Amino acid sequence: MRWPTLALFFILVLPTIQYGLSSFDDRTYASEVLDEQSAGSLPASIRGPSGLLIAEIMPAFKTEYVMLRSAALSPINLVGMKLSDGEGTITFGHLIMNPGEVQVICGDPSLFERIHDKHPTIAFDDPTLTKKGRFILADAGDEVFLIDRDSSIIDMIAYGASDYSGSGWQGGPCKKPGAGESLSRLDVPDSNRSNDWGIIVPGRAEIEPISREGLVEPFTLPEQGRERVLRELAYAQHSVRLAIYEISDGYVVGGLMNCSKRGVIVSLLIEAEPVGGRSKAENGALDALNASGASINLIKSFEGYKRFAYLHCKYMVVDERRLLLMSENLVESSLDSNRGWGIVVESNDLSAFFARMFDSDSLSRRPDIQKYRPTGSTFVPLYNESTFDLEDVVKTKAHVVTVISPDWSLPSLLRLISEATDRILVEQLYFEEALLRDYFLPALTEAARRGVDVRILLDNEWYNQIGTKNNTLAVEVIEQEGDRLGLPMHAKLVSRYQKFGTLHNKGMVIDDAALISSINWNLAALQENRECGLLVQSDVVAGFFARTFESDWKEDPNPPVIQIGETELEAMEGEPILVSAGNCSDESGISRVEWDLFDDGTVEQTGRFYKAVLDAGDYSLRLTVYDGFNNSASRLLMLHIVPRAKDGGEEWVLVLFAAGAIIFGWRGLVRIKNH
């Protein structure tokens with residue numbers, strides 16, 4: 001894959017695919033379109049008969065609203081025009097809309113401004129409006145009409161359970177928006193059909209990708225995760241921004257508290273409603289951090305409104321200079337036992353990008369942002385006094401591209417797969433059935449047809465083998481498709497013999513690039529969650545994670561454990577010697593034991609015991625133990641065979657003979673004397 005091609009795709013192509021909200025300034029999609037092209041340049045098919053269009057509606061929220069947009073060539077007075085849902089009407093008084101302007105009619109203007117942009121708003125009960133009947137947008141489905149003074153339909157939308165079949169609309173209704181979602185007009189010619197519309201979440205900033213060069217340091221968990229986080233915290237001087245799904249690790253909390261004590265500004269954005277709820281340990285950790293002076297915001301559903309299904313990202317910005325991003329949460333079990341990938345990037349631009357996203361996602365005016373309130377839970381922080389002289393740190397310069405959900409991670413992943421020419425190595429917690437069937441299996445199959453080595457490693461925990469997260473089924477589907485077509489495409493569950501616990505990773509190696517991310521392979525992570533990843537273009541980084549993948553791919557990468565006691569043994573010449581390998585062990589079992597006397601490559605004996613009678617002298621004895629997957633471990637033993645004392649046996653014979661002779665002679669003398 002050529003890096004310039006990939007970078008241009010991320011920077012130029014992907015942003016044009018999306019609809020919804022714009023970048024960090026939180027403008028609406030509609031206003032963005034009008035900024036980019038004047039109202040007068042819009043074709044008549046988009047402008048509508050009078051230049052007025054319904055731009056957006058939000059029925060299922062505390063402040064439902066209708067947004068109008070003017071694409072007319074001159075100012076329009078709305079006086080006498082009406083909004084209707086078929087049961088009630090709102091008639092406008094004197095109200096001028098200039099070309100390119102947006103006008104919002106809503107239930108609560110102050111709440112609207114908290115979830116949306118600063119557009120002109122007017123309340124349903126404003127005295128300049130005349131309301132007749134019951135104008136309430138039904139959550140389940142309804143119609144909204146914009147009606148001219150002569151009672152003709154200027155524009156309309158039908159959604160949800162609506163069965164409308166009259167003039168002004170063609171085909172079935174739009175899909176019903178969920179709680180806190182709106183229907184927003186797309187940048188397509190107005191056809192009076194449902195495909196003119198898309199569902200968005202107002203207030204959700206669309207994050208356009210950037211590509212920058214930085215100094216990167218890849219790492220893996222559980223080997224170095226906690227140490228990397230603590231090192232960044234120890235060297236922080238001005239600010240720390242941390243966006244995380246869960247946090248309760250004692251050492252990380254202690255490191256953050258130390259930052260506050262040094263005067264570093266510590267800000268946290270936390271998911272308030274993780275699956276299963278916040279743990280007591282996390283409440284205690286947040287209480288301790290709050291007491292130390294950290295600023296803690298929670299993102300939590302407000303009357304059904306929440307910009308992201310889950311804040312599932314795991315990143316930290318230090319001094320707007322260094323960025324740490326990984327696949328794991330900051331809880332003890334994740335840092336101590338999960339397989340995950342992480343990256344530290346030194347780059348002012350990339351750090352500033354994530355800092356702006358953090359600040360945008362944390363905006364206090366958004367109704368789904370709540371200040372943390374202490375729960376009274378106890379917590380004991382831990383402190384690490386290490387100087388963080390980490391071993392085997394890999395550092396290299398690399399091009400780095402941001403990968404952000406829910407904005408464009410799905411098309412970016414599919415594009416990466418379509419561009420691969422050599423290898424696609426995936427480690428994932430689980431593979432959702434619908435995502436595999438509808439998106440990834442076809443893309444991976446096409447890559448394998450091009451000769452790409454496709455391998456997917458999934459977690460083996462029981463809870464990832466049921467329902468829509470059935471990893472066993474995913475492996476079967478991928479393997480069967482590869483076998484059927486004769487392609488180099490394989491999948492497997494991680495072996496239970498691996499040293500780590502859960503394969504919680506969300507990473508991928510594609511040719512000479514590596515993706516480090518929080519993005520699970522399910523549609524919610526790709527289209528609804530706030531997720532973050534970095535695509536690092538570097539053969540050094542790709543090689544680093546590829547080596548980890550190859551080790552993780554093995555059924556048993558771990559050699560047997562040799563327990564032999566003393567490695568220097570002593571015995572007497574001529575006596576049998578017995579050496580036992582009975583205490584050697586391996587999780588997959590011991591399959592073979594070999595003994596090589598003289599350590600010359602010739603195996604003299606096999607089995608758990610070495611038995612021999614050796615002449616006096618010093619011997620080397622090589623013990624080699626194999627497990628069920630042919631991993632081996634060996635140990636060199638030294639045998640010291642002590643010689644017996646020379647002629648020692650003959651001397652004893654002479655002594656006994658002399659003693660016998662003396663006794664015999666004494667008895668003879670006694671008999672002679674008696675006679």
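The values are calculated or read from the model by the stated rules, or taken from the named source; none is laboratory data. Worth saying up front: this structure is predicted, and the values here are computed from it rather than measured. With ideal geometry, Cβ positions are generated from the backbone for all residues, glycine too; neighbour counts draw on all protein chains shown. Quick note on the areas: whole protein, heavy atoms, side chains included, nothing else; ligands and nucleic acids left out. Shrake-Rupley method; radii C 1.70, N 1.55, O 1.52, S 1.80 Å.
Summary of the geometry: segment 249-290 and segment 524-584, compared by the centres of their Cα atoms, lie 34 Å apart. Cross-link reach is defined here as a Cα-Cα straight distance under 13 Å, omitting same-chain residues fewer than 8 places apart; for K371 the aspartates and glutamates meeting it are E271, D287.
Within the accessible area of the chain, the carbon and sulfur atoms contribute 51%, probe 1.4 Å, all protein chains present.
Restricting to bridges with both residues inside the chain, how much of the DSSP beta-bridge set is antiparallel, in percent to the nearest 5? Close to 75 percent.
For segment 291-420, the spread of Cα coordinates along the three principal axes comes to 48, 42, 30 Å, biggest extent given first.
Could you size up the charge dipole of the chain around its Cα centre, putting +1 on the beta carbon of Lys and Arg and -1 on that of Asp and Glu, and report it in debye to the nearest 20? Please list the in-between numbers first.
Values: 65 positive and 96 negative charges, 218 e Å.
Roughly 1040 debye, rounded to the nearest 20.
The long axis of helix 539-553 is offset from the longest Cα principal axis of the chain by roughly 60 degrees.
Dipole of segment 134-236 computed with +1 at Lys/Arg Cβ and -1 at Asp/Glu Cβ about the Cα centre; of A140, F219, S162, farthest Cα towards the positive end is F219. Per-residue packing, averaged as other Cβ atoms within 10 Å, sorts the ranges 605-616, 230-241, 584-595 into the order 230-241, 584-595, 605-616, beginning with the highest. Remark on the chain: C106, C174, C259, C584 stand apart, with no other cysteine beta carbon under 4.7 Å. Among the listed pairs K261/K395; K62/K176; K469/K492, those with a Cα-Cα distance over 21 Å are K261/K395.
Here the peptides 423-429, 100-106 are ranked by packing, the mean other Cβ count within 10 Å, and the order with the highest first is 423-429, 100-106.
Charged side chains reduced to their Cβ positions (Lys and Arg at +1, Asp and Glu at -1) give segment 48-140 a dipole of some 180 debye around its Cα centre. Each of the peptides 438-444, 261-267 was scored by the mean count of other Cβ atoms within 10 Å over its residues; in descending order, highest first, they stand as 438-444, 261-267.
How many percent of DSSP beta bridges within segment 240-311 run antiparallel, rounded to 5?
On the way: 1 of 11 bridges.
Rounded to the nearest five, the antiparallel share is 10 percent.
Between segment 403-423 and segment 342-398, what's the alpha-carbon centroid distance in Å? When both Cα centres are located, 25 Å separates them. Within the shell of other residues whose beta carbon sits under 10 angstrom from the beta carbon of E56, the net charge comes to +2, with Lys and Arg scored +1 and Asp and Glu -1. Across the chain, the relative contact order, built from alpha-carbon pairs under 8 Å that are at least six residues apart, equals 10 percent. Averaged per residue, the chain has 43 square angstrom of accessible surface, using a 1.4 angstrom probe with ligands and nucleic acids left out.
Farthest toward the positive end of the dipole of the chain, out of V452, N529, G277, is the Cα of G277, where the dipole comes from beta carbon charges about the Cα centre. I'd like the orientation of helix 409-419 relative to the chain: the angle between its Cα long axis and the longest Cα principal axis, in ° from 0 to 90, rounded to 10. Helix 409-419 sits roughly 60 degrees off the main axis of the chain.
So what is the orientation-averaged projected area of the chain, using the convex hull of its C-alpha atoms, in nm²? Walk me through the intermediate numbers first.
Details: hull surface 187.1 nm².
Its average projected convex-hull area is 46.8 nm².
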